[in-house]
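The values are calculated or read from the model by the stated rules, or taken from the named source; none is laboratory data. This structure is a prediction, so every number in the text was calculated from the model and none was measured. Cβ placement follows ideal geometry from the backbone for every residue including glycine, while neighbour counts extend to all protein chains displayed. Surface accessibility is based on the protein's heavy atoms, side chains included, excluding ligands, DNA and RNA. Shrake-Rupley method; radii C 1.70, N 1.55, O 1.52, S 1.80 Å.
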Amino acid sequence: MNRIQSNNIFFYILLFLINLIPISLLSGSLVTNIFHALISVFFIFEIILKRKFYLFNDYFVYLLLFLWLTFIINLFFSSNYTSGLPRSIGFIRFILIILAIKYVLLYNNAKYLKIILFVWTLFFLLVAIDLLIEFYSGSNIFGYKSNVPGRLASFLNDELKIGAYFLAFGILFICTFYKYVSKNFNYIIIISILILIISHLIGERSNFIKLSAIIILFLCFNYKQYLIKTTIILSISFFAIIFLSTFNEKLKYRYIDQLASIEFKDNYYFKHYETSLSMFKENKLFGVGIKNFRNEIYNKKYFVENEEDSRHIITTHPHQINFELLAETGLFGYLSFLIFSFLVIFKVISSYIANKNILTLMPLLCFLVYINPILPSGSFFTTYSATIFWLNFSIMISFLKFRKK
């Protein structure tokens with residue numbers, strides 16, 4: 001091995017690991033955390049070997065360090081110090097992973113960007129095909145099946161959260177097609193509708209709405225000349241999707257019957273939100289502490305009089321990022337996150353106006369939809385949801401100033 005190859009060994013390991021991030025997410029938290037550790041370690045080795053310490057002198061690094069500092073401060077006011085310790089201290093790994101992904105994506109004038117996006121596309125298509133197989137046969141290619149009517153499990157088996165994965169890599173699939181195959185409006189809208197149909201079949205209503213919002217905004221921003229055509233096609237498509245759902249018992253139950261029979265006050269998501277606000281009112285400044293919602297939820301003061309209703313509030317997290325941050329980090333943490341988000345959004349929008357890069361626009365739309373204050377979401381502090389969120393974030397900030405030479 002010559003000197004050049006020797007100097008690049010850590011980079012090629014990073015490239016290999018980042019290509020396989022989609023597989024790690026489908027393999028469970030243990031595998032994903034192992035990937036986190038490996039990417040972080042080899043990125044540090046790469047930086048030290050090539051003396052690229054300037055990578056840490058970055059606007060977004062400072063913002064991420066600011067956010068990390070708020071998590072550390074929150075530890076000192078936590079109701080259970082040990083619950084939040086791994087997540088608070090361990091957040092440093094996401095800063096390293098974000099930098100590592102950005103470094104590899106932009107390496108040598110984005111030499112490997114096309115490879116990475118196409119590899120991720122292959123994994124996405126595999127999941128899409130698997131979801132269709134599960135929908136029509138009742139189980140995926142490994143025999144996994146959902147135990148909830150109207151929901152699909154795919155490779156995540158009994159963890160019914162494939163919708164977030166499909167959303168994240170679905171928008172990247174659209175980006176890849178747009179960037180390297182065709183920008184033709186007709187092709188893009190056909191692909192978008194097909195992705196929306198599969199998202200609908202998954203049965204995760206929140207992620208279907210989020211993906212719909214991202215695609216609608218993308219088409220409106222990027223194809224202004226076809227605004228009327230876009231409106232007509234999407235309106236017909238959404239009507240057709242809902243109408244056809246009436247002919248499938250499971251989808252009809254999930255999207256029509258279940259929603260029609262639930263009153264606002266009885267919806268268990270809103271019960272989670274209500275409990276989160278109760279925790280926040282009891283601990284307004286610093287909350288109950290990161291990862292402590294799951295402990296505090298058993299406190300009798302948060303139970304309602306009706307025992308059956310009380311079961312609805314027993315959960316590990318509020319299923320909504322804003323309510324989770326309010327309950328677990330209080331005003332201090334929540335306002336810090338809002339400041340972080342505002343500064344990120346302002347910088348990214350300013351840069352997008354100048355660059356018009358789709359790899360900035362789509363992740364930005366995803367970021368905006370993710371931090372919405374109403375629709376349910378995964379926990380901000382769990383491995384799976386956090387990895388998807390920060391993967392999207394790393395792509396969003398990677399191409400703000402990038403112009404291929």
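Of all residues in segment 106-134, those that are part of a helix (DSSP H, G or I), among the charged types (D, E, K, R) and without any contact (Cβ under 8 Å) to a residue 40 or more places away in the chain total 2.
If I filter segment 74-82 for residues that are buried (at least 21 other Cβ atoms within 10 Å of the Cβ) and over 26 Å from residue 296 (Cα atoms), do I get at least one hit?
Just the residues of segment 74-82 that are buried (at least 21 other Cβ atoms within 10 Å of the Cβ), to begin with: 74, 78.
Now restrict to residues that are over 26 Å from residue 296 (Cα atoms): none.
No - not one qualifying residue is present in segment 74-82.
Taking the condition open to solvent by less than 40 Å² (accessible area, probe 1.4 Å), without any contact (Cβ under 8 Å) to a residue 60 or more places away in the chain and among the aromatic types (Phe, Trp, Tyr), does residue 177 pass? Answer is no for this residue.
Being β-branched (Val, Ile, Thr), touching a helix residue (DSSP H, G or I) at 6+ places or on another chain (Cβ under 7 Å) and farther than 14 Å from residue 150 by Cβ is the filter here, so list the residues in segment 199-216 that pass it. Answer for segment 199-216, where residues must be β-branched (Val, Ile, Thr), touching a helix residue (DSSP H, G or I) at 6+ places or on another chain (Cβ under 7 Å) and farther than 14 Å from residue 150 by Cβ: 214, 215, 216.
Looking across segment 11-44, the residues that are exposed (fewer than 15 other Cβ atoms within 10 Å of the Cβ), more than 20 Å from residue 383 (Cα to Cα) and hydrophobic (A, V, I, L, M, F, W, C) come down to 16, 44.
Residues are listed down the side, and each one gets a yes or a no for (1) within 22 Å of residue 11 (Cβ to Cβ); (2) open to solvent by less than 10 Å² (accessible area, probe 1.4 Å); (3) acidic (Asp, Glu):
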position: 99; (1), (2), (3): yes, no, no
position: 102; (1), (2), (3): yes, no, no
position: 107; (1), (2), (3): yes, no, no
position: 114; (1), (2), (3): yes, no, no
position: 131; (1), (2), (3): no, yes, no
position: 136; (1), (2), (3): no, no, no
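For the residues 156, 172, the requirement of being within 17 Å of the chain's Cα centre (by Cα), open to solvent by less than 50 Å² (accessible area, probe 1.4 Å) and at pLDDT below 95 singles out 156. Considering only residues in segment 202-235 that are open to solvent by less than 10 Å² (accessible area, probe 1.4 Å) and among the β-branched types (Val, Ile, Thr), the one that is farthest from the chain's Cα centre (by Cα) turns out to be 230. For segment 15-68, a tally of residues being of a type in the set (Asp, Glu) and in contact with a Lys or Arg (Cβ under 6 Å, 6 or more places away or on another chain) returns 0.
Among the residues of segment 355-375, those identified as closer than 15 Å to residue 320 by Cβ, in contact (Cβ under 8 Å) with a residue 60 or more places away in the chain and under 12 Å from the mean Cα position of the chain (by Cα) are 369, 370.
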